[in-house]
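Reading through the structure tokens given below for one structure.
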Amino acid sequence: ELKVEQNPLFLSMQEGKNYTIYCNYSTTSDRLYWYRQDPGKSLESLFVLLSNGAVKQEGRLMASLDTKARLSTLHITAAVHDLSATYFCGSYNTDKLIFGTGTRLQVFP
Amino acid sequence: DAGVIQSPRHEVTEMGQEVTLRCKPISGHDYLFWYRQTMMRGLELLIYFNNNVPIDDSGMPEDRFSAKMPNASFSTLKIQPSEPRDSAVYFCASSLTRGLGTEAFFGQGTRLTVV
């Protein structure tokens, strides 16, 4: 059974700093997804990673995938307040889309 | 396309009552997922459908929960009878065929409160 684990669960960081969120998954998967959820809102897709070594960047966020290590990272560069949200990674076990526990990110001045 | 549409957005009901949540997936999507989100348990997959057929309902917590997808454009999640511990946000999501590698798109969710 696929398990997806994220760490840290909570992250409080100062504006301008860099940090990385980690996503480990327990079984072989060729796809990894990152989503963002603002308080009281739905989940919005950020990145789709489809192969080993895939790297995608959007603004201050960069996601990567290492299928051999079963690890994906979401790197935050020079954080700004607008990035405050909860970030989820998700992976597939056959056709079941399973998500991690989420990382709640708070960026303060 | 208007995206995944869920109704109602909010539902407050008394314990023991029947609750029906509704979802309209994105046209052309052949996968539909129902999730429950709580602070304690995070985002749990309850059941998913492929081409209107339930494939895996192992996440459905109890027999009080049931889901149907009578056609490609409509699905329901029913709780009968409801209990206070069912209070959560329920999300519906849809996606295209797995091989295309596209992401799942989520509805706005239904916030259910059982008192």
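Taken together, the values in this text are just the output of simple stated rules run on the coordinates, not laboratory data. Since we're looking at a predicted model, the values are computed, not measured. Virtual Cβ from ideal backbone geometry, glycine too; neighbours counted across all protein chains shown.
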- Note on the structure: Most packed first (mean Cβ within 10 Å per residue), the peptides B:47-54, B:67-74 order as B:47-54, B:67-74
- Query: Could you state the principal axis extents of the C-alpha atoms in chain B, from the largest down, to the nearest angstrom?
  - Reply: 42, 28, 27
- Taking alpha-carbon centroids only, segment A:1-69 lies from segment B:61-115 a number of Å equal to 24
- Task: Could you calculate the FRET efficiency of A:VAL80 with B:ARG64 from 1/(1 + (r/R0)^6), where r is the beta carbon distance between them and R0 is 30 Å, rounded to 0.05?
- Result: 0.10
- Test item: Cα-centred dipole of chain A, Lys/Arg +1 and Asp/Glu -1 on Cβ, debye: 120
- Note on the structure: For chain A, averaging the sequence separation of alpha carbon pairs under 8 Å that lie six or more residues apart and dividing by its residue count, the contact order in percent is 37
- Message: Please report the net charge: other residues with Cβ closer than 14 Å to the Cβ of B:SER82, K and R +1, D and E -1.
- Response: -2
- Message: Using +1 at the C-beta of Lys and Arg and -1 at the C-beta of Asp and Glu, which of A:TYR35, B:PRO61, A:LEU2 has the Cα lying farthest in the positive direction of the dipole of the protein assembly as shown?
- Response: A:TYR35
- Message: With unit charges on the beta carbons (Lys and Arg positive, Asp and Glu negative) and the dipole taken about the Cα centre of chain A, which residue among A:THR20, A:ALA69, A:LEU49 sits farthest to the positive side?
- Response: A:ALA69
